[in-house]
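Worksheet: the structure to be examined is printed underneath.
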Amino acid sequence: MSRIRINIFAKARRMIFSAAWGIVLLSVACNNSESIPATVTFTEHVAPILYTNCSICHRPGGSAHFSLVTYEEARKNAGASAYVTKERIMPPWPADPHYTSFKGERILSERDIKILEKWAEEGAPQGPVDKTPALPHYPNGSETGTPDMRIAVQPYFLKANSSDRFLLVKVPFELPRDTFASLIEYVPGKSNIVHHVNGDMIFYEFEKKTNVFAGERALDMQQDTSKLLEAFQRLDLPNDDGTYPVMQKSVVNYLPGALGQKYPDGIGGYKLPRKGVFLLNDLHYGFTNKEDITDSSYINIFFSKTPPERPLQEFQLGTLSSFGNAPVLPDLIIQPNTVKPVYSKYTVPEDISILTINPHMHLLGKSFKAYALKPNGDTIRLISIPRWDFNWQYFYTFKKMVKIPKGSTIVAEGVYDNTKQNLNNPFSPPRLVRDNNGSMKATDEMFQFIVSYLPYREGDENTSLDVK
Ligand code: HEC
């Protein structure tokens with residue numbers, strides 16, 4: 001992350017220095033663009049764009065390290081904001097909206113981008129103060145309402161100036177009885193330092209585990225999954241007799257600006273055991289600045305009286321594929337100074353409805369694309385990420401379910417850039433990088449496409465998933 005940030009900064013600075021040039025060019029370019037106001041001001045034109053598209057993260061207590069709420073804050077960052085929006089680095093949304101669109105996508109219109117650019121180039125004037133729009137109400141904690149239960153994640157201490165951490169964290173819980181949940185949310189304590197979370201849920205059979213609260217709570221794995229079994233022992237995850245309980249994947253996921261996945265009533269949802277553990281596989285803390293920080297994150301649970309009518313199912317292509325028969329082809333071995341395409345494919349044995357997809361690669365990722373080929377040869381588009389961004393690996397939920405007919409082949413294609421032109425290359429000079437038994441270490445690679453689906457039912461393709 002720090003490397004990436006430095007890059008953006010350097011580019012942003014160049015942008016600011018070239019602002020003088022811009023004014024000359026822009027005064028020519030804007031003459032024939034009617035929809036852009038003659039004078040762009042903060043209060044009248046810029047604040048509405050920032051409040052709708054940026055301040056959810058760029059505000060006090062938001063996930064970005066600086067705020068874009070007040071005039072002063074926006075003015076100071078005007079050049080950088082114009083640059084990152086024009087380059088479509090911000091708001092962060094790596095998927096190409098022209099290929100497929102998703103629920104909650106963060107996309108600026110061309111007009112908004114031009115307004116931010118013009119504003120920066122004309123010296124970022126404030127405009128009439130009484131025209132300042134009201135700041136939207138941003139939820140603090142849950143985005144959905146008042147949760148029925150809140151489980152604390154054991155607070156974690158980070159020293160000043162520490163680098164990225166990748167933790168494996170155990171969050172045990174006990175309930176009076178087996179029950180159901182419609183939504184499980186991870187809420188970061190210090191959202192400017194919690195980068196992302198990907199968590200599973202472990203189900204204990206009540207008699208098989210005496211104490212779910214025993215064992216260590218957080219291990220710093222540095223994304224090295226080769227010691228995973230040993231780590232499971234230290235967290236005391238096995239049953240009393242040493243066997244392993246059942247685990248449900250991807251139950252609690254978090255990325256800045258995106259808490260849990262909420263689906264319409266009756267779809268998705270979870271069964272909760274009396275004794276269970278949320279296992280946060282990859283609680284990624286970014287680097288800290290000059291202060292020590294203690295993060296106290298927590299997990300919200302919204303109970304549901306009824307069992308999930310249509311519980312989500314999941315399969316995975318690529319590294320550690322669910323069926324073992326959707327491997328990465330050719331092998332994910334990326335020679336230094338090469339750009340390497342790979343793919344993985346899987347033919348679905350029944351009609352399914354896809355709800356949410358999650359493409360996954362590490363630092364050498366360059367682009368990602370997935371689609372389904374129907375038996376009649378037609379293509380169903382799923383996602384295209386022309387410029388892979390390690391930092392923004394969303395769980396993308398479609399606006400409506402996507403029907404994939406039986407016999408269709410889902411194809412995921414990735415391209416890796418192991419040259420020095422890839423600014424995120426962890427090695428300089430480039431070295432051979434490969435997948436390593438599913439190692440999540442950022443310096444090993446992975447290629448995965450995770451699909452959440454339901455067995456198809458008549459009318460699914462018309463069911464909106466765009467619920468608040
Ligand atoms: C989903 C959260 C989110 C949204 C929405 C968002 N940003 Fe960001 N932005 C971030 C994060 C995180 C960073 C990385 C900075 C950091 O390290 O904290 C960032 C970085 C930036 C930077 C680069 C500064 C640097 O440190 O490199 C600028 C400029 C910026 N954002 C402007 C915007 C603008 C303008 C918008 C709206 C059009 C926007 N952002 C929307 C989260 C967001």
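Please give the length that would be gained between residue 421 and residue 287 if that part of the chain were fully extended, namely 0.36 nm times their separation in residues minus their C-alpha to C-alpha distance (nm, one decimal).
45.8 nm
log₁₀ I(q)/I(0) of region 195-254 at q = 0.12 Å⁻¹, via Debye over equal Cα point scatterers, no solvent, to two decimals?
-0.32
Fully extended, how many nm does the chain gain between residue 154 and residue 378 (0.36 nm per residue separation, minus their Cα-Cα distance)?
75.7 nm
Output the peptides 419-426, 349-356 sorted from most to least packed, where packing is the average of other Cβ atoms within 10 Å over each peptide's residues.
Ranking, from highest mean packing down: 349-356, 419-426.
Given a 1.4 Å probe and the protein chains all in place, what does the accessible area of residue 122 round to, in Å² to the nearest 10?
Probe radius 1.4 Å; accessible area of residue 122 about 90 Å².
Which lysines, on any chain, are close to residue 271 with Cα under 27 Å apart, when same-chain ones fewer than 8 places away are left out?
Residue 271 reaches 103, 170, 208, 209, 249, 262, 305, 399, 400, 403, 468.
So, for the chain, what is the accessible surface per residue at a probe of 1.4 Å, expressed in square angstrom?
Details: 22150 Å² over 468 residues.
Accessible area per residue: 47 Å².
What is the extension gain from residue 406 to residue 87, computed as 0.36 nm multiplied by their sequence separation minus the C-alpha to C-alpha distance, in nm to one decimal?
Taking residue 406 through residue 87 to full extension adds about 110.9 nm, to one decimal.
Taking only Cα atoms, what is the 0 to 90° angle, nearest 10, from helix 2-17's long axis to the longest principal axis of the chain?
The angle comes out at about 10 degrees.
7 Å from Cα along Cα→Cβ at both residue 216 and residue 265: what's the point-to-point distance in nm?
Taking the simple label geometry, residue 216 and residue 265 are separated by 4.6 nm.
Hey, rough spin-label estimate for residue 389 and residue 339, points 7 angstrom out along Cα→Cβ, what's it come to in nanometres?
Distance between label points: 2.0 nm.
Where does each of 77-85, 333-341, 296-304, 60-68 land if you order them by average Cβ count within 10 Å, highest first?
Details: 77-85: 22.7, 333-341: 14.1, 296-304: 19.6, 60-68: 16.6.
Per-residue mean Cβ counts within 10 Å order the peptides as 77-85, 296-304, 60-68, 333-341.
List the lysines whose Cα sits under 22 Å from the Cα of residue 114, skipping any in the same chain fewer than 8 residues away.
11, 76, 86, 131
Counting only other residues whose beta carbon sits under 11 Å from that of residue 454, what net charge do I get with K and R as +1, D and E as -1?
Working: positive: 310, 403, 457; negative: 309, 314, 350, 351, 460.
Summing Lys/Arg as +1 and Asp/Glu as -1 gives -2.
For the residue pair residue 309 and residue 296, what label-to-label distance in nm results when each label sits 7 Å from Cα along the Cα-to-beta-carbon direction?
Here the modelled spin labels are 4.0 nm apart.
For region 313-462, place one equal point scatterer on every Cα, skip the solvent, and apply the Debye formula. What is log10 of I(q)/I(0) at q = 0.15, 0.17, 0.21 Å⁻¹?
Result of the Debye calculation: -0.74, -0.91, -1.27.
Percent of accessible area on the chain owned by carbon and sulfur, 1.4 Å probe?
Of the solvent-accessible surface of the chain, carbon and sulfur hold 52 percent.
More than 38 Å apart: what percent of Cα pairs in the chain qualify?
Numbers: 30682 of 109278 pairs.
Value for the chain: 28 percent of Cα pairs lie more than 38 Å apart.
Quick one: helix 19-29 against the long Cα principal axis of the chain, what's the angle to the nearest 10°, folded into 0 to 90?
Compared with the principal axis, the helix lies near 80 degrees.
The values are calculated or read from the model by the stated rules, or taken from the named source; none is laboratory data. Since we're looking at a predicted model, the values are computed, not measured. Glycine gets a Cβ as well: all are built from the backbone with ideal geometry, and neighbour counts include every protein chain shown. Surface accessibility is based on the protein's heavy atoms, side chains included, excluding ligands, DNA and RNA. Shrake-Rupley method; radii C 1.70, N 1.55, O 1.52, S 1.80 Å.
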